[in-house]
Ligand SMILES: [Zn+2]
């Protein structure tokens, strides 16, 4: 049986989900050797490896693999087209929030490859043949671009509402929800929060609005456990977190919601400590992506800059695929007294209060105070001392300063760190 041959017994979609760690490591090593051998003729990688004095033909083990030098957005942007396969016909540009955007091309074969993990992830979230999925379009992310294909191939119906993830499209979404009556919704976490507010403002019964919906797959923001539970409860539908990167990382939550399982058939994901060695499971580090197919542009040991953590202990669902949580990009974090604090970390401390969960939380970058964590929270002041205590206890930060943003409601977005001047302008 091949890795991605559907099993579809119970909750499992295909065979790779329950392989032993050794079987998966051996299979991935073969893929990595194949991909590296293929990229040896690529102008950029050949030069990059020669400079580091590594011979890709000698790659026999994971130790050999880890000797390959990292690449980054900066090196690939500087390399122009020399690193690409030049055969793509679908392009995605990265957001460019950390510098110049990188354009990643997919060819038809690679698009095909990435439909399978989407089908698997949707299967885990409960999508079944005959059901209808209501999705966000246009597809702003390469993983989103696979959604329609995956839904149709699973024997379902694909529906799109007009507009994108901005809160101004909530009306179009609600209109589609009422007419299409989907069992499945895929969207962004910020859009779900915007919807809840719209329901509140217009006194709309959220559960009644979502009564046909069983599952929601949310992307774009790492969900705290409390926010996921809050959204699931308010909408009466189980919310699943999906994550990935334009460069090929892909992961989906199972029904245990312990952290997304990596789609290990398409990507090998490393989490590296500052010295470049593998960070142990349960420790944070930089997310490094290697694509496992020789389709599209080769992505080999690409340092995304994302802050991530691996969880290697078995999941209660029975799947052996390792799990990984992406906490954010460097620009969605601040350094306080030499600790890297992500907006997710602070949201965890804020969301622990049932009165506060779902409120927008921003980290405020202030050039002067390197040891003070500046947190801006939407709404009127509530239990600040308790939040501060949790930040002390959980994040080890001594000095916290709060700005309460009052009644002005802000659009939830992907950006979670702002400059001080932006908060003052509000
Ligand atoms: Zn699981």
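Laboratory data are not the source of any read-out in this text; all were calculated from the coordinates shown. In this text, all values refer to a predicted model and were calculated from it rather than measured experimentally. Note that we place each Cβ from the backbone using ideal geometry, even for glycine, and neighbour counts take in every protein chain shown.
Mean sequence separation of contacting Cα pairs (under 8 Å, at least six apart), scaled by the length of the stretch 203-268, corresponds to a relative contact order of 25 percent.
Largest GNM mean-square fluctuation across 200, 110, 17, computed for the chain with C-alpha springs under 10 Å, falls on 200.
Got a sec? How would 336, 115 order by Cβ neighbour count within 10 Å, fewest to most? The fewest-first ordering by Cβ neighbours comes to 115, 336.
I need to check one value: relative contact order of the stretch 330-425, counting alpha carbon pairs closer than 8 Å and at least 6 residues apart, in percent. Relative contact order comes out at 33 percent.
Across the stretch 129-244, the mean sequence separation of Cα contacts (distance under 8 Å, 6 or more residues apart), normalised by length, yields a relative contact order of 24 percent. Here the stretch 212-314 is treated as a Stokes sphere of Kirkwood radius computed over C-alpha pairs; at 4 °C and 1.567 mPa s its diffusion coefficient rounds to 87 µm²/s.
Ordering 2, 75, 186 by the number of other Cβ atoms within 10 Å of each residue's own Cβ, fewest first, gives 2, 75, 186. Taking other Cβ atoms within 10 Å as a rough exposure proxy, 402, 210, 127 sort from fewest to most as 402, 210, 127.
Rounded to the nearest 500, the helix-only mean residue ellipticity at 222 nm of the chain stands at -9000 deg cm²/dmol, with each DSSP H run of n ≥ 4 adding -39,500 (n - 2.57). Rg and Dmax of the stretch 129-244, both derived from C-alpha coordinates alone, stand at 13.0, 38 Å.
Taking each residue as 0.36 nm, the span from residue 402 to residue 372 lengthens on full extension beyond its C-alpha to C-alpha distance by 9.8 nm. Put a dot 7 Å past the Cα of residue 18, heading toward its Cβ, do the same for residue 202, and the two dots end up 4.5 nm apart. Considering the stretch 330-425 at the alpha-carbon level, its Rg and Dmax are found to be 12.1, 33 Å. Among 250, 385, 79, the largest mean-square fluctuation in a Gaussian network model of the chain, built with springs joining Cα atoms closer than 10 Å, belongs to 385.
Each 10 Å bin, from zero up to the one with the longest distance, holds this percent of the alpha carbon pairs of the chain: 4, 21, 31, 27, 14, 3, 0. At q = 0.15, 0.17, 0.22, 0.23 Å⁻¹, what is the base-10 log of I(q)/I(0) for the stretch 178-268 according to the Debye formula with one equal point scatterer per Cα and no solvent? Please give it to two decimals. These q points yield log10 I(q)/I(0) values of -0.59, -0.73, -1.09, -1.17.
Maximal additional length on extending the residue 50-residue 34 stretch stands at 3.9 nm, based on 0.36 nm per residue less the C-alpha distance.
Temperature 20 °C, viscosity 1.002 mPa s: under these conditions the Stokes-Einstein estimate for the stretch 30-72, based on its Kirkwood radius over C-alpha pairs, is 208 µm² per second. Between residue 419 and residue 256, the contour length at 0.36 nm per residue exceeds the alpha carbon distance by 55.0 nm.
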